[in-house]
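Let me begin by presenting the structure, written as structure tokens, before commenting on it.
The values are calculated or read from the model by the stated rules, or taken from the named source; none is laboratory data. Bear in mind the structure is a predicted one, so any value in this text is a computation, not a measurement. Counting neighbours? That spans all protein chains shown, and the Cβs are built from the backbone with ideal geometry, glycine included. When the accessible area is computed, the model is the full protein with side chains, heavy atoms only, and any ligands, DNA or RNA have been set aside. Shrake-Rupley method; radii C 1.70, N 1.55, O 1.52, S 1.80 Å.
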Amino acid sequence: MSGPIVALTGGVGGAKLARGLVARLAPEDLHFVVNVGDDFEHLGLHVSPDLDTLLYTLSGESDTERGWGRRGESWQFLDALRGYDGPDWFALGDRDLATHVLRTHALAEGARLTEVTARLATALGVRHAMLPVTDDPLRTVIETGGEALPFQHYFVRERCAPAVTGFRFDGAERARCTPEVRAALADPDLAGVVLCPSNPFVSIDPILAVAELRAALAACAAPIIAVSPIIGGDAVKGPTAKMMDELGVPRSAAGVAGHYGARSGGGLLDGFVLDATDAALQQDLETTGLAVRVEQTLMRDLDDRIALADAVLAFLASLRTS
């Protein structure tokens, strides 16, 4: 690479591409800016689901069979909690619990979330920078018509059942980018920005809701691309497709591209990566001002993740020279 890359990520899809990128880029050449809109307080603990998904994925600690949490997990704490008729809707495994307890303790002693995240990453052998977009409170709230639900209540407790009518990001108007995020995006040698194949509404939009972050992207001279989380009109995982239906957004990769918009038309992106299944959308997307690359974006294993990372890096390089 001719310079460092910044990747915006949240959720499992984003973490999969992140795993491919770390296989190709040295720590000094890759910075992850991570969604914290999913963060919440549960049983007095500060839980950061998207940070932890990335942490466990990059460290090899993720439970690939279950699709979330830490491998080799046990559940004695949760069993005991149920014995007290406590709130067990958010499953805290014994190994995962250690992460939340340490984070909560460090925050209470005055550490920044960025500092705590770096400490956890170092302990698990993750060398690439995992940067919360902000150290300030930022919380995604799901509007469902009759009720506003904190994200984890919608996603875990209600299992994404309520129909979504909109979103808000509480605290975004006061949230500041961290110095680390500002420095990564202001690097004069920045080679590109990648929006990972994460849910655009609840994984990427909370990051973009931080005004300083959005302004930094607008001022960025390096190319900005996104990888579609929608393949053949459906999401690989999670409620993205359901949300698109309920919001009246076309349930397609084109709907995702339109949500972000082309930079030439006042939007965010210079380029967009489509799955080969959706190759027929390429020409129409290019008429909107986007450069488009068609690849296999379904990441079944590590080889797929690395192959997609290679394609993303080659796409950014081509945009820099065009």
- Query: What angle, in degrees between 0 and 90 and rounded to the nearest 10, separates the Cα long axis of helix 302-321 from the longest principal axis of the Cα atoms of the chain?
  - Reply: 40
- Item | the chain - charge dipole about Cα centre, Lys and Arg +1 at Cβ, Asp and Glu -1, debye rounded to 20 | 300
- Task: Give me the net charge of Leu107's neighbourhood, meaning all other residues with Cβ under 10 Å from the Cβ of Leu107; Lys, Arg count +1, Asp, Glu -1.
- Result: -1
- What list of ³J(HN,Hα) couplings, whole Hz, do you get for region 169-179 from phi and the Karplus terms 6.51, -1.76, 1.60, once you set θ to phi - 60° and write x for glycine and proline? 10, 5, x, 4, 5, 10, 6, 10, 4, 6, x
- Query: Assigning unit charges at the beta carbon (Lys, Arg +1; Asp, Glu -1) and nothing else, what dipole magnitude in debye, to the nearest 20, does region 282-322 show about its Cα centre?
  - Reply: 160
- region 173-322, accessible surface, carbon-and-sulfur percent (1.4 angstrom probe): 51
- Hey, of (i) 10; (ii) 25; (iii) 38, which did the structure itself give for percent of Cα pairs over 38 Å apart when calculated? (i)
- Query: What value, in deg cm²/dmol to 500, does the helix sum -39500 (n - 2.57) over DSSP H runs of n ≥ 4 give at 222 nm once divided by the residues of the chain?
  - Reply: -11000 deg cm²/dmol
- Task: Would you pull out the residues with amide H under 5 Å of Val133's amide H, same chain only if 5 or more places away, H placed 1.01 Å from N?
- Result: Val34, Val36
- Item | Within region 72-107: backbone nitrogen closer than 16 Å to the Ala123 label point (7 Å, Cα to C-beta) | 93-107
- Accessible area (Å², per residue) of the chain, counting only protein heavy atoms and a probe of 1.4 Å: 42
- For region 158-255, which GluC sites (Glu not before Pro) are both in a DSSP coil and crowded by at most 10 other Cβ atoms within 10 Å? Glu173
- Message: Under 12 Å from a point placed 7 Å out from the Cα of Leu302 along the Cα-to-Cβ direction: which residues of region 35-69 have their backbone N that close?
- Response: 58-61
- Message: What is the sum of charges, Lys and Arg at +1 and Asp and Glu at -1, for the other residues whose Cβ falls under 9 Å from the Cβ of Gly10?
- Response: -2
